[in-house]
Amino acid sequence: MRQFQDHRQWHRLLSSRPVQALLVLLLILVGESVARLYQRERVIAVDEQSLERELLTLKARRAELLAEVARLETDRGVEEEIRERFGVVKAGEKVINLVGGVATAIPTTTELSWWNKVTDWFK
């Protein structure tokens, strides 16, 4: 019998207004903490994706730079770079400029349209 009375006391205690208010307050605090953690997780996920994209671009840039270094380690690559940057030629070489296509003259019309003639009278 004593056991049932103990259960009733707990039931009475848990169903009292102050305890219910305290439980609701705890629930709100826990919910708010969970919401903040979720927001932080979303920000971290976005940052992680951004960093992964940046890592991919940096890896691609590294590959380009390694290819450029490999090209410059050869004599031909060094010579090409010197010619490109400083515009020098070896003794006895000549420069040939090739121009693609034939230049066409754009016909200019000196004749004015009838509307321009009319507006010129009023100027």
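Where a number appears in this text, it was derived from the coordinates with a stated rule and is not lab data. Computed from a predicted model, the values in this text were never measured in an experiment. Cβ atoms come from the backbone with ideal geometry, glycine included; neighbour counts cover every protein chain shown.
Over all distinct Cα-Cα pairs of the range 2-102, the Kirkwood formula returns a hydrodynamic radius of 22.1 Å. Between Glu80 and Glu93, the modelled label-to-label distance comes to 1.3 nm, taking each label 7 Å out from Cα in the direction of the beta carbon. Each label was represented as a point 7 Å from its Cα along the Cα-to-Cβ direction; for Leu23 and Ala45 these points are 3.2 nm apart. Computed from backbone phi with θ = phi - 60° and the Karplus coefficients 6.51, -1.76 and 1.60, the 3J(HN,Hα) list for the range 71-87 is 5, 6, 6, 8, 5, 5, x, 5, 4, 4, 5, 5, 4, 5, 6, 10, x Hz; x is used for glycine and proline.
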